[in-house]
1. For K361, go through the lysines and keep the ones whose alpha-carbon is under 28 Å away, minus same-chain ones fewer than eight residues off.
2. State whether segment 158-297 is rounded, prolate or oblate according to the following rule on the C-alpha gyration tensor (a ≥ b ≥ c being the square roots of its eigenvalues): a/c under 1.5 gives rounded; otherwise a/b larger than b/c gives prolate, and the remaining case gives oblate.
3. Which net charge results for the neighbourhood of A208, defined as the other residues with beta-carbon distances under 15 angstrom from its beta-carbon, given Lys and Arg at +1 and Asp and Glu at -1?
4. Per DSSP H run of at least 4 residues, take -39500 (n - 2.57); add these up for the chain, divide by its residues and hand me the 222 nm value, nearest 500 deg cm²/dmol.
5. Over the Cα atoms, compute the radius of gyration (one decimal) and Dmax (the largest Cα-Cα distance, rounded to a whole number) for the chain, in Å.
6. Which order do I269, I204 fall in if you start with the one that has the fewest other Cβ atoms within 10 Å?
7. Starting from the amide H of I127, placed 1.01 Å from N in the peptide plane, find each other amide H under 5 Å away whose residue is 5 or more places distant or on another chain.
8. Search the structure for amide H atoms under 5 Å from the amide H of V338, placed 1.01 Å from N in the peptide plane, and list their residues when 5 or more places away or on another chain.
Amino acid sequence: MRPIGEGARRESGGGRTAVSRRLVVAGPRRAALEAYERPAVGAGEIGVRVEYASPKHGTELAVFRGEDPFVADLFDEDWRLFVGRDGEASYGGSPVLGNQWVGVVDEMGEGVEGFRVGGRVCGYGGIQDYHVVDVRSAPYLFEVPDGMSWKSALCFDPAQYALSGVRDGNLRVGDRVAVFGLGAIGAVAAQMARAAGARFVAAIDPIAKRREAALAAGADAVFDPMEQDIGLELKRATGRLGVDCVVETSGNEQALQQALRGLAYGGTIAFVGWARAFSGTLDLSREAHFNNANLVFSRASSEPNRDHPRWDRRRIASACWEMLASGAVDCGGIVDPVVPFDESPGAYETYVDRNPERAVKLGVRF
């Protein structure tokens, strides 16, 4: 694994401009394809013809619905607080949807090294048919090696949050683990927990499609929180001990409540999900006290990392890419369904927003 920018031949771009299309927010809970004039490929840049892309189902969905806290407020880095905006809330115009893509290098500007025209790369960016990337300011643009699944590459971003959740959960060899929420982050976290030495991995989600994918990928047990008392089931599955580590990715208050119920004494909950405001039903007495729970808030992209300076975002990203490229994590059942680009507006509204029970992580092919 190596990032773009090291040791390859140069070719000159033609300075062309062209009309491309991208998936955007047309309004609260409405998506559309928008035509735009993409910039010419300049010095230090590459042009990539996109083959596959995917959205981010959690935090991005809050923007799509107009519920993201950054719409109404600003986060002040100095005070580490959300503060109100001066004037009206900002919806942000027509933000581009999507956060990962895989494509083929189509053109490169002068002075760029480290890849070849026709090579495959993976990077951050919206769901659009072409990306122009300045490789000097794209530290997480990676070459996709031969044999690596494009679905695995598209899981690079969720894998970073999954790895951080597993690490922040203080998982050790032989531990029993429960993962709440089986979107892409949770689905990857369940596999990483096993790779990290977990003896028992339970996966919890109300969506049958996601539970089935987790079982197929190696989870020991799956549970439906709509039909089962998850805390009790976790105690039953572990001989009344409870799980040593919980990775909570759903951001749901009842998931957190059940995690507190099913936790072993002194165990750790890594809270990974980007939660909405809780409605007031979370009870932090009862099992939270009796189980002496450790609650840790986990974010891969926060710097400094909890294990700084040994671990930072770059090390997390590199470790995840190596696991995905080697096949240590299987993403074949995670990127599902996959739809044509022309159908992506309706697919986003259907599979990401309105009927999430029909998807794990939406994929778009071009």
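1. Hits, sequence-local ones excluded: K56, K151, K209.
2. rounded
3. -2
4. On the way: 11 runs with 89 residues, N = 366.
The helix contribution divided over the chain gives -6500 deg cm²/dmol.
5. 21.1, 67
6. Ordered from fewest to most neighbouring Cβ atoms within 10 Å, I269, I204 come out as I269, I204.
7. L23, L97, G98
8. Counting only residues 5 or more places away or on other chains, the set is G363.
Values in this text are rule-based calculations from the coordinates and carry no lab data. All figures in this text were calculated on a predicted structure; none of them were measured in a lab. When we count neighbours, we look across all protein chains shown, and the Cβ atoms used for this are built from the backbone with ideal geometry, even at glycine.
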